[in-house]
């Protein structure tokens, strides 16, 4: 969820309510903090993912591991992008039950992607192998 400067200005000028202002600025602040952490900790993250020794010819991760990492990252994105929506739905009476249900569904999908990525990778493997003749026949 990206917050434009116009939305921040309208929230500031239209209402001096601290809750509205906090709900408007909080997602932007979280995005800036996460971007800064990823920017400054990129070296440490890459060293954890790839063996840093000069003699290593390639990474030890298989394509299936990369698929799992991708599912987990998309799940984390879904979880964190649903948080502002859920907070707005709970705090604001005008936001509606549909927004609350939508936020809960998005968060549950994110949790499933983070925790159930092995099953999804297995489904991808079975889908790739479906219809292929066994070797040696």
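With respect to residue 45, determine if the residue is modelled with pLDDT under 85, assigned to a helix (DSSP H, G or I) and exposed (fewer than 12 other Cβ atoms within 10 Å of the Cβ). Steps first, answer last, please.
On the way: modelled with pLDDT under 85: yes; assigned to a helix (DSSP H, G or I): yes; exposed (fewer than 12 other Cβ atoms within 10 Å of the Cβ): yes.
Spelling it out, residue 45 is indeed modelled with pLDDT under 85, assigned to a helix (DSSP H, G or I) and exposed (fewer than 12 other Cβ atoms within 10 Å of the Cβ).
Quick one: which of 72, 78, 89 is under 24 Å from residue 27 (Cβ atoms) and either modelled with pLDDT under 85 or in contact with a strand residue (DSSP E or B) (Cβ under 7 Å, 6 or more places away or on another chain) (or both)?
Checking each option against the conditions leaves just 89.
May I ask you to list the residues in segment 75-115 that are loosely packed, with under 15 Cβ neighbours inside 10 Å and under 20 Å from residue 35 (Cβ atoms)?
76, 77
The values are calculated or read from the model by the stated rules, or taken from the named source; none is laboratory data. Source: prediction; values computed, not measured. Note that each Cβ is placed from the backbone with ideal geometry, even for glycine, and that neighbours are counted across all protein chains shown.
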